[in-house]
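Engineer: Take a look at this one; I'll ask things after.
The values are calculated or read from the model by the stated rules, or taken from the named source; none is laboratory data. From a predicted model like this one, the values you see are computed outputs, not experimental measurements. Positions of Cβ are generated from backbone atoms using ideal geometry, with glycine treated the same way; all protein chains shown enter the neighbour counts. Accessible surface is based on the protein model in full, side chains and every heavy atom, while ligands, DNA and RNA are left aside. Shrake-Rupley method; radii C 1.70, N 1.55, O 1.52, S 1.80 Å.
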Amino acid sequence: MPAYVVMTREHTHDAQEMERYSEKAKAARAGHDPQPLAFYGDFEVLEGSAMEGAVILRFPDMAAARAWYQSPAYQEARKHRFQGADYRVFIVDGLTEA
């Protein structure tokens, strides 16, 4: 069953750190082949607090999503994300028939 990594950027503190994060995060996708379903496009908050943007990445399953997130390359990129902005990040299983 597919799994989705959802990342919402709440507030940017340091644009230069976010540029570093973006470069390293792009490189960290190599070998993991996530499918971007949403990538900082237009959005509208219907409920909850304001945010600056969102990313949704599709992986074949939870194990593949965790492998990408826990990879040394992404962990290195993540350091810059922590310094550059506040995010909420989670992994969710894909839907089965409702």
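Engineer: Find, among the GluC sites (Glu not before Pro) in the range 1-89, those assigned to loop by DSSP (not H, G, I, E, B) with at most 12 other beta-carbon atoms within 10 angstrom.
Structural biologist: Details: sites: E10, E17, E19, E23, E44, E47, E52, E76; in loops: E44, E47, E52.
Filter output for the range 1-89: E44, E47.
Engineer: Oh, and also: Using a probe radius of 1.4 Å on heavy atoms only, what accessible surface per residue do you get for the chain? Whole Å² is fine.
Structural biologist: Values: 6470 Å² over 98 residues.
Per-residue value: 66 Å².
Engineer: Given the Cα atoms of the range 1-97, and with Rh set as the inverse mean 1/r over their pairs in the Kirkwood sense, what is Rg to Rh to two decimals? Please report the intermediate quantities before stating the final value.
Structural biologist: Working: Rg = 13.4 Å, Rh = 13.9 Å.
Here Rg/Rh amounts to 0.97.
Engineer: Separate question: For the range 3-17, just list the computed ³J(HN,Hα) in residue order, Karplus coefficients 6.51, -1.76 and 1.60, θ = phi - 60°, integers in Hz, with x standing in for Gly and Pro.
Structural biologist: Once θ is set to phi - 60°, the couplings for the range 3-17 become 10, 10, 9, 10, 10, 10, 8, 8, 7, 8, 9, 8, 5, 5, 5 Hz.
Engineer: Given a Förster distance of 22 Å, report the FRET efficiency between H11 and Q70 from their Cβ-Cβ distance, rounded to the nearest 0.05.
Structural biologist: After rounding to 0.05, the efficiency reads 0.30.
Engineer: Can you give me the % of accessible surface on the chain that is carbon or sulfur? Probe 1.4 Å, all protein chains present, nothing else counted.
Structural biologist: Roughly 51 percent, rounded to a whole number.
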